[in-house]
Amino acid sequence: MSTIDRRQTRHLETRDEVVATALEIMAESGPGSVSLGEVARRMGIKPPSLYVYFPSKAALYDELFVRGWAGLLLAMGRYTDFVAPGTEPFAVLRDAGAEFVRWSVEHSSEAQLIFWRPVPGWEPSVRAAGAAAGVMDQLQRTLAGLSERGALRPDADLVEAGRVWLVLLAGVIGLHLGNEPADGTRFTSLVEPLTEMFLARYGAV
């Protein structure tokens, strides 16, 4: 490995360490609690050194936002990448919805960051906001696959259906995070009846 390659590798490793430290702070004190000074203190470096990796706190939050959506997309992939012929639409949506909620509960700080705006003065940049498109595209492909198999109404608006599904799941997540202990199930157990409601609206008769 050349000197340049080693430097690039070290740069990426340190960048990952910065992100991991920021996630640690978020998990302890909430998504709005990250500061470059605290990240630097925990890493044992001086704050100006962080600007080599992230030029501002907003840039660090952008990276956390992008990685959060990427993590959710990865978790959802096994349920929505391919809708096998003969698969029950109820099972596809129920299992995908349950995984969406599970990931969000287990990564609650990241979920708050990507679904809401908990950091005063920060909005994701246009580049960062584009990360959400992957999950939306994946959901649209899943709904299109179900529609092609006759599982959804022929006249169903799939864009609207995707938005409705996300609103239902975000409601479950928000109510759980705001009112339940981590292992509570009052709201997370509602994915199944919500799936039934969704298919009552958009499913084939």
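The values are calculated or read from the model by the stated rules, or taken from the named source; none is laboratory data. These numbers were taken from a predicted model, which means no experiment stands behind them. Here the Cβ is made from the backbone with ideal geometry for all residues, glycine too, and neighbour counts use every protein chain on show.
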Any pair with Cβ under 6 angstrom, 6 or more apart, that starts in the range 118-143 at a residue that is under 21 Å from LYS57 (Cβ atoms) and ends at one that is among the aliphatic types (A, V, I, L, M) and not in a loop (DSSP other than H, G, I, E, B): TRP122/ALA58; ALA128/VAL66; ALA131/VAL66
Residue in the range 38-47 that is closer than 18 Å to ARG67 by Cβ, of a type in the set (Lys, Arg) and modelled with pLDDT of 95 or more present: no
Condition met for TRP122 (over 30 Å from ALA161 (Cβ atoms), surrounded by 15 or more Cβ atoms within 10 Å (Cβ to Cβ) and either of a type in the set (A, V, I, L, M, F, W, C) or more than 16 Å from the chain's Cα centre (by Cα) (or both)): yes
Residues of the range 130-162 satisfying the condition of being of a type in the set (D, E, K, R) and under 18 Å from VAL92 (Cβ atoms): ASP137, ARG141, GLU148, ARG149, ARG153
Criterion violated by GLU106 - all others in (1) surrounded by 20 or more Cβ atoms within 10 Å (Cβ to Cβ); (2) out of contact with any Lys or Arg (no Cβ under 8 Å at 6 or more places or on another chain); (3) over 18 Å from VAL159 (Cβ atoms) satisfied: (1)
Selection within the range 156-184 - part of a loop (DSSP other than H, G, I, E, B) and modelled with pLDDT of 95 or more: ALA156, ASP157
Helices (runs of 4 or more DSSP H) contained in the range 1-116 and holding at least 1 residues under 30 Å from LEU190 (Cβ atoms) and out of contact with any Cys (no Cβ under 9 Å at 6 or more places or on another chain): 3-29, 57-80, 89-106, 108-115
